[in-house]
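The values are calculated or read from the model by the stated rules, or taken from the named source; none is laboratory data. Predicted model, so just to flag it, every value in this text is computed and none were measured. Here the Cβ positions follow ideal geometry from the backbone for every residue, glycine too, while neighbour counts run over all protein chains shown.
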Amino acid sequence: MDTTSTDTPTATPTATPDLANPRFWQLPAPERAAAFAELRRRPEPVYFGDRATGRGFHALVRHADVVEASRTPAVFLSGPGVTTPEPARWVRLLFGDSMVNLDDPRHAQLRRIVSRAFTPRLLGRVEEDVHRTVTALVDAVEHGRPEDFVAAVAAELPFQVICTMMGIPAQPRRAILDLVNRTSEDIGVARPLRRRFRMPGRGLAALARMQGIVAGLGRERRRRPTEDLISALVTADVDGRRLTGRELGAFFTLLLVAGVETTRNALAHGLHLLTVHPEQRALLLADLDGRLDGAVDEIVRHATPIIQFRRTLAVDHLLGGPGGPLLRAGEKVALYYGSANRDETVFPDPDAFDITRTPNPHLGFGGGGPHYCLGAHLARQEMTALFRELFTRLPEVRSVGGPVLIPSSFDHRVRSLRFTF
Ligand code: HEM
């Protein structure tokens with residue numbers, strides 16, 4: 001932690017918990033929330049790490065700062081990478097760049113191609129898939145009485161929806177889900193050194209296998225296109241360009257890692273929030289049609305599935321304009337979405353779970369700008385459809401005990417959540 005103050009007006013006093021220390025992320029949620037509330041009261045962002053060597057980052061914890069960094073992409077770059085720890089350069093060379101880690105013009109070009117999958121027309125078609133999947137999952141819950149909501153419902157729904165959208169046949173789906181879990185389980189999770197050395201190899205092999213499966217499907221669909229997203233992506237010709245096999249693999253990996261984990265965690269936190277806040281649950285059940293949209297956005301604000309993404313300064317920049325703190329070219333900033341979502345200058349009574357909150361300008365899907373979550377509409381669609389089906393058919397559904405969490409500095413990950421109806 002930086003404790004020198006001559007050159008660093010934002011140095012960390014020793015009393016401030018160290019966000020760069022994995023132990024911080026193992027503290028109980030209220031303690032972490034209190035630390036962020038304290039950081040938001042500071043006049044300037046705090047730098048965690050050694051600013052002199054550039055090994056560290058400024059913590060952007062206020063709503064306005066996260067929005068500014070998200071919407072000024074020429075200054076706050078994604079190119080050097082947005083996840084922590086940084087993927088090794090050779091991993092990116094080998095497997096291709098995922099769009100979260102790109103800046104314009106490559107980002108805009110890729111996003112134009114893949115955005116075709118997320119047009120209202122295509123999402124209208126996906127809506128039917130979502131409903132079919134949700135109905136089947138709730139049927140299975142009724143008949144099979146599973147105990148873990150995450151495995152039985154929350155992880156299944158987004159995974160099946162993305163696979164159907166992409167046109168992944170039923171046969172390799174189980175193997176792919178297993179590979180996704182292995183690929184993403186390392187990001188932001190503190191592990192004993194021993195395991196750290198082993199994990200990248202396992203994750204990498206999983207990534208290679210998964211991308212191999214998708215590249216094979218891509219070649220097949222290029223020859224015989226069907227109605228699915230893989231066909232659209234490999235035959236799309238945007239600005240005279242279509243996706244290469246490597247780009248297709250990288251995009252599919254991103255969709256799975258970005259779309260499955262996040263939605264799964266949002267659904268699990270959502271069921272739990274609606275269990276421990278009976279007055280909010282009663283409000284929702286009294287008017288499902290009128291209140292579901294508000295409930296879904298409040299779940300995303302309150303739970304904030306993704307804790308942070310990183311940006312790197314392209315040039316010196318005064319945060320908030322003239323007179324603001326100086327962020328130097330090459331320095332990193334972490335955008336703490338969860339903290340921005342509890343910013344008391346934007347959200348009255350920010351810790352309360354209130355499904356009637358209006359307006360609710362939360363940053364759970366990002367702070368706006370070119371990288372704003374491509375799947376936000378789809379995620380809302382899935383959450384709305386599932387909670388509608390659950391609360392209509394099983395109105396007594398609730399979590400039992402709290403979610404079993406996996407401490408992580410990257411996402412609010414739920415390993416399991418017992419439930420009953
Ligand atoms: C509750 C569920 C979800 C949450 C909380 C969430 C959150 C986020 C956040 C915070 C970002 C970064 C935004 C930024 O940097 O400005 C992001 C990006 C992204 N998300 Fe989501 N996401 C969710 C669901 C999904 C789904 C279902 C999909 C796709 C099927 C998806 C695909 C993406 C993609 C492709 C990006 C990168 C966009 C780009 O770099 O241009 N997300 N998401």
Quiz item: From the list 359, 350, which residue is away from the ligand (no atom under 16 Å from the Cβ), over 20 Å from residue 151 (Cα atoms) and surrounded by 16 or more Cβ atoms within 10 Å (Cβ to Cβ)?
Solution: 350
Quiz item: Right, residue 82: within 23 Å of the chain's Cα centre (by Cα), buried (at least 20 other Cβ atoms within 10 Å of the Cβ), within 12 Å of the ligand (Cβ to nearest atom) and modelled with pLDDT under 95 or not?
Solution: yes
Quiz prompt | Subset of region 21-62 (residues that are more than 24 Å from residue 301 (Cα to Cα) and among the β-branched types (Val, Ile, Thr)) | solution = 53
Practice problem: Provide a single number: the residues in region 155-174 that are more than 13 Å from the ligand (Cβ to nearest atom) and modelled with pLDDT of 90 or more. | Solution: 1
Quiz item: Of all the residues that make up region 406-415, how many are surrounded by fewer than 18 Cβ atoms within 10 Å (Cβ to Cβ) and either hydrophobic (A, V, I, L, M, F, W, C) or modelled with pLDDT of 95 or more (or both)?
Solution: 1
Exercise. Write out, first by first residue and then by second, each pair whose Cβ atoms fall under 6 Å of each other, whose residues are 6+ apart or on separate chains, and whose first residue, in region 324-347, is within 12 Å of the ligand (Cβ to nearest atom) while the second is among the hydroxyl-bearing types (Ser, Thr, Tyr).
Key: 337/304; 338/304; 341/304
Exercise. Having 3 or more residues that are within 15 Å of the ligand (Cβ to nearest atom) and aliphatic (A, V, I, L, M) is the bar; report the helices (runs of 4 or more DSSP H) wholly within region 244-308 that clear it.
Key: 245-276, 288-303
Quiz item: What number of residues within region 362-404 are part of a loop (DSSP other than H, G, I, E, B), modelled with pLDDT of 95 or more and within 16 Å of the ligand (Cβ to nearest atom)?
Solution: 13
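Let's see how each residue does on (1) at negative phi; (2) hydrophobic (A, V, I, L, M, F, W, C):
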residue: 290; (1), (2): yes, no
residue: 293; (1), (2): yes, no
residue: 316; (1), (2): yes, no
residue: 321; (1), (2): no, no
residue: 335; (1), (2): yes, yes
residue: 341; (1), (2): yes, no
residue: 352; (1), (2): yes, yes
Quiz prompt | Residue check for residue 230: out of contact with any strand residue (DSSP E or B) (no Cβ under 9 Å at 6 or more places or on another chain), in contact (Cβ under 8 Å) with a residue 40 or more places away in the chain and within 18 Å of residue 412 (Cβ to Cβ) | solution = no
Quiz item: So, in region 297-316, of the ones that are more than 15 Å from the chain's Cα centre (by Cα) and in contact (Cβ under 8 Å) with a residue 60 or more places away in the chain, which residue ends up farthest from residue 333 (Cα to Cα)?
Solution: 298
Quiz item: Does residue 135 satisfy the criteria of being within 14 Å of the ligand (Cβ to nearest atom) and part of a helix (DSSP H, G or I)?
Solution: no
Quiz prompt | Residue count for region 119-165, restricted to those that are of a type in the set (A, V, I, L, M) and in contact with a strand residue (DSSP E or B) (Cβ under 9 Å, 6 or more places away or on another chain) | solution = 6
Quiz item: Quick check: is even one residue across region 350-357 in a loop (DSSP other than H, G, I, E, B) and free of Cβ contacts under 8 Å to residues at least 24 places away in the same chain?
Solution: yes
Exercise. Just name the residue that is nearest to residue 325 (Cα to Cα) out of those in region 19-43 that are buried (at least 16 other Cβ atoms within 10 Å of the Cβ) and among the charged types (D, E, K, R).
Key: 40
Quiz item: Within the set of pairs 6 or more residues apart or between chains, which connect a residue that is farther than 29 Å from residue 97 by Cβ inside region 114-133 to a residue that is within 11 Å of the ligand (Cβ to nearest atom) and of a type in the set (S, T, N, Q) with Cβ atoms less than 6 Å apart?
Solution: 130/381
Exercise. Output the number of the condition that residue 140 fails; it satisfies all remaining conditions of (1) crowded, with 20+ Cβ neighbours inside 10 Å; (2) without any contact (Cβ under 8 Å) to a residue 40 or more places away in the chain.
Key: (1)
Quiz item: Listed residues 52, 108; which is of a type in the set (A, V, I, L, M, F, W, C) and touching a Pro at 6+ places or on another chain (Cβ under 9 Å)?
Solution: 108
Quiz item: Just checking, which of 152, 117, 208 is at pLDDT 80 or above and part of a helix (DSSP H, G or I)?
Solution: 152
